[in-house]
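Participant: The structure's right below; bear with me while I get my questions together.
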Amino acid sequence: MFDPTPAVLRAVDGVSLTLDRGRTLGLVGESGCGKSTLARMVVGLLPPSAGQVLLDGRVFAGAGADGGASGGATAPAISRAEAAQLVQMVFQDPFSSLNPRRTVGASIGEALAVAGMPGAERRARVADMLQLVGLRPEHADRYPHEFSGGQRQRVAVARALITHPALVVCDEPVSSLDASVQAQVLNLLRDLQERMGLAYLFISHDLGVVGHMSDHVAVMYLGKVVEEAPRDVLFAAPAHPYTRALLASVPVRDPARRAEHPALSGDLPSPIAPPSGCPFHPRCPQVMDVCRSVPPGWHAVAEGQHARCHLHAPESSPADSGAAG
């Protein structure tokens, strides 16, 4: 029978993250868990249906971001023009994100042109930025197809940094590059972060890359953050069964370490019809009866480490729903 009730898909559900200046927050999870949707909300490409994105205490996206009082927002809003300068994004595929009909100099300097910067000053700024990312000033007159994949991603980084933003969202920025080129781009990003005091939201499915880049790591599953911890803590003592399964999938050279955690089995459930209780319970090797019916809370595990799992619920209240993470 046809059901007229529309299905509701919560691509990002109850996520609350904090990122300090000069630091990198890694965001990991399987394809379809909501990482890219969250990234697009952070940069303002998608409006959140509830909640807000705050930058230095001001509303960047969400309720009140238009400068009004919608949703009961009390924090001052950032104008769209200022927001475009403060938050930028490096996309996964530079060949798709760069306009093939425009020179890379025009693409890099577009934000400056919109801001009204004179042409001579704009060209000088673009030349300086090209040198900063390891290219030459004369490259400004070339088109994207005249560069290698690694060079195109350097152009994409230059375009993101030309306005001197406070936050850069890196959505799988090296997944389309060869391994040797990946290392070069990652080291470039770290060097630029130190020089410019940038904050990175670094999204990847590669835990090795996340471990190299991040100070703090959040793990997403089916739209929710299921674990958050400092990088070293998470890699040394993962608290959530999903995190342990992700780490088990990373290739290691020591055969004795390959069976430390059970490998992940099964497919990601449909976000339109998620499982009852804990959404991970159909795939969890440590599933309990409570997991099938009661959503887990957000529980402290160690200093700075939290997990959304019944295994870490206080004995007096194992079904405590906790606070959103």
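The values are calculated or read from the model by the stated rules, or taken from the named source; none is laboratory data. Nothing here was measured: the structure is a model prediction, and the numbers come from that model. A quick note on method: Cβ atoms are made from the backbone with ideal geometry, for glycine too, and the neighbour counts reach across all protein chains shown.
Participant: Against the condition at pLDDT 90 or above and outside the structural domain of A83 (by TED's automatic domain parsing), how does V226 come out, does it pass?
Facilitator: Numbers: at pLDDT 90 or above: yes; outside the structural domain of A83 (by TED's automatic domain parsing): yes.
Spelling it out, V226 is indeed at pLDDT 90 or above and outside the structural domain of A83 (by TED's automatic domain parsing).
Participant: Now for a different question. Against the definition (modelled with pLDDT under 95 and basic (K, R)), how does R231 come out, yes or no?
Facilitator: Working: modelled with pLDDT under 95: no; basic (K, R): yes.
So R231 fails the test.
Participant: Also, I was wondering about something else. Grab the helices (runs of 4 or more DSSP H) fully contained in region 50-136, keeping just those with 2 or more residues being at pLDDT below 95 and not hydroxyl-bearing (S, T, Y). Working first, answer last.
Facilitator: Details: elements: 80-86, 94-97, 104-108, 110-114, 119-132.
Result: 80-86, 94-97, 110-114, 119-132.
Participant: Limited to region 155-176, what total is found for residues that are closer than 9 Å to P94 by Cβ and surrounded by fewer than 23 Cβ atoms within 10 Å (Cβ to Cβ)?
Facilitator: Within region 155-176, residues that are closer than 9 Å to P94 by Cβ and surrounded by fewer than 23 Cβ atoms within 10 Å (Cβ to Cβ) number 1.
Participant: What is the number of the single condition among (1) within 14 Å of F91 (Cα to Cα); (2) modelled with pLDDT under 90 that G208 does not meet?
Facilitator: Result: G208 passes all but (1).
Participant: Only residues in region 264-279 that are on the phi > 0 side of the Ramachandran plot and in the same structural domain as V290 (by TED's automatic domain parsing) count as the first member; pair them with residues that are of a type outside the set (A, V, I, L, M, F, W, C) and part of a loop (DSSP other than H, G, I, E, B), Cβ under 7 angstrom, at least 6 apart or cross-chain, and list the lot.
Facilitator: G277/S293; G277/P295
Participant: Continuing with this model, one more query. Do the conditions hold for P274, that is, is it at pLDDT below 95, assigned to a loop (DSSP other than H, G, I, E, B), closer than 20 Å to L27 by Cβ and not hydrophobic (A, V, I, L, M, F, W, C)? Explain how you work it out, then say what you get.
Facilitator: On the way: at pLDDT below 95: yes; assigned to a loop (DSSP other than H, G, I, E, B): yes; closer than 20 Å to L27 by Cβ: yes; not hydrophobic (A, V, I, L, M, F, W, C): yes.
It is true that P274 is at pLDDT below 95, assigned to a loop (DSSP other than H, G, I, E, B), closer than 20 Å to L27 by Cβ and not hydrophobic (A, V, I, L, M, F, W, C).
Participant: Give the residue, chosen from R159, R142, R125, that is closer than 25 Å to G26 by Cβ, in contact (Cβ under 8 Å) with a residue 24 or more places away in the chain and among the charged types (D, E, K, R). Working first, answer last.
Facilitator: Numbers: R142 fails: closer than 25 Å to G26 by Cβ; R125 fails: closer than 25 Å to G26 by Cβ.
Result: R159 is the single residue among R159, R142, R125 that is closer than 25 Å to G26 by Cβ, in contact (Cβ under 8 Å) with a residue 24 or more places away in the chain and among the charged types (D, E, K, R).
Participant: Then there is this: Among (1) out of contact with any Leu (no Cβ under 8 Å at 6 or more places or on another chain); (2) in a loop (DSSP other than H, G, I, E, B); (3) surrounded by fewer than 17 Cβ atoms within 10 Å (Cβ to Cβ), where does N187 come up short?
Facilitator: Exception for N187: condition (2).
Participant: Taking into account only those residues within region 21-35 that are under 18 Å from V90 (Cα atoms), crowded, with 21+ Cβ neighbours inside 10 Å and among the small types (G, A, S), which is farthest from the chain's Cα centre (by Cα)?
Facilitator: Out of the qualifying residues, it is G34.
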